[in-house]
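One structure is given here, and the rest of the page talks about it.
The values are calculated or read from the model by the stated rules, or taken from the named source; none is laboratory data. Worth saying up front: this structure is predicted, and the values here are computed from it rather than measured. Here the Cβ positions follow ideal geometry from the backbone for every residue, glycine too, while neighbour counts run over all protein chains shown. Remember, those area values only see protein heavy atoms, side chains included, never the ligands or the DNA or RNA. Shrake-Rupley method; radii C 1.70, N 1.55, O 1.52, S 1.80 Å.
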Amino acid sequence: MLTIQASQLLAQAQRVRLTPCGTAAAALAGSYRSAFRGSGMEYEESREYAPGDDVSAMDWKATARLGRPFVKRLREERSRTFLLAVDISPSMAFAAAGPSPYETAALAAVTLAVSAAANRDRVGLVLFSDRVEAFLPPTAGPAVPFAVARALAETRPTGRGTDPAPALALAGVALAHRAVVFVLSDFLAGAWSAPLGRLAAQHDVAAAVLTTPDDRALPPAGLLTATDLETGGLAVIDCGNPAVRARYAGARAARRSQTMASLSAVGVDVLTLAAGLPPAPALQAFFRRRTHPAYHSGRARRARPASIPA
């Protein structure tokens with residue numbers, strides 16, 4: 001999938017420049033800390049209710065079992081758990097010109113791992129196609145970004161299609177407490193809404209949609225035989241016909257809009273990463289948006305769907 005080694009990928013992530021006076025590793029670490037708050041409060045023990053205690057902290061199970069009121073005692077979790085889920089299916093490896101979506105996704109993932117490690121957070125990784133291709137359980141420490149880079153650089157997919165359900169189900173099982181899950185994919189295939197919705201009901205989920213400059217336009221090149229990288233299906237397209245090109249562009253734009261809407265509808269935060277462009281500025285803008293007061297008030301007003309669509 002990648003033609004560079006893990007050490008080179010890690011070096012790129014550490015030296016991508018956001019501004020003339022700062023690197024991605026330094027600038028993103030601070031923005032990341034503000035954008036993704038700690039995973040909140042963790043249950044520690046229950047104790048008997050005392051006058052003045054917050055009734056919202058009532059432990060109803062202990063109260064019913066023991067016949068007198070109890071409240072939960074919570075402690076703040078100071079570190080986060082951050083899981084990167086990266087699509088490694090064949091469509092991610094294709095680009096008509098320039099770097100592939102997977103190359104940009106890999107660089108973004110390692111950049112995020114560097115920022116998370118700088119904040120002493122636990123970082124995990126799951127690579128998937130139509131199956132789980134590799135899994136690194138969330139751990140903390142300075143060696144984690146290199147482990148992430150190595151998996152991204154060396155894993156070769158055995159699957160041919162895209163099915164995020166097994167990977168996202170694994171994420172749900174592996175994450176014992178509320179975590180940040182960052183999904184990087186082109187979202188061109190696969191059923192996403194149901195598994196992402198289930199995960200977003202328990203965790204803070206963000207989706208990075210990888211795009212390419214040519215993904216909405218056909219070249220005016222006459223008859224073109226196109227191959228579906230994931231199914232092997234063939235189709236002959238008359239690219240010399242302006243009406244065909246226009247219909248193709250319209251269909252791709254409609255599909256992209258539908259994808260964005262369906263992700264947002266199940267409670268997933270969405271950003272776009274353009275293949276071939278440095279991902280750090282887009283990530284920085286995403287983090288800034290998350291720290292704006294209007295973002296949190298908007299999230300609070302957004303109602304969770306009564307049921308998750310298939």
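Residues 58, 260, 92, ordered by accessible area of protein heavy atoms at a 1.4 angstrom probe radius and largest first, appear as 260, 58, 92.
The accessible surface of the range 100-191, taken with every protein chain in place and a 1.4 Å probe, is 57 percent carbon and sulfur. In this structure residue 88 has an accessible area near 0 Å², from a 1.4 Å probe over the protein heavy atoms.
Ranked from highest to lowest mean number of other Cβ atoms within 10 Å per residue, what is the order of the peptides 160-170, 241-251?
160-170, 241-251
Note on the range 115-206: with charges restricted to the Cβ of Lys and Arg (+1) and Asp and Glu (-1), its dipole about the Cα centre is near 180 debye. Using the Cα coordinates of the range 136-184, the gyration tensor eigenvalues translate into equivalent-ellipsoid semi-axes of 20, 18, 8 Å, sorted from longest to shortest.
In percent, rounded to a whole number, the relative contact order of the range 69-167 is 31, using alpha-carbon pairs under 8 Å and six or more apart. Close amide H contacts of residue 46 (hydrogens built in the peptide plane, cut-off under 5 Å, sequence separation of 5 or more or a different chain): 73.
Shape analysis of the range 63-222 based on the Cα gyration tensor places the equivalent ellipsoid semi-axes at 35, 19, 13 Å, largest first.
When Lys and Arg each count +1 and Asp and Glu each count -1, what net charge do the other residues less than 9 Å away from residue 180, Cβ to Cβ, add up to?
Neighbour charge sum, excluding residue 180 itself: 0.
Over the range 119-184, accessible surface divided per residue gives 43 Å², non-protein components excluded, 1.4 Å probe.
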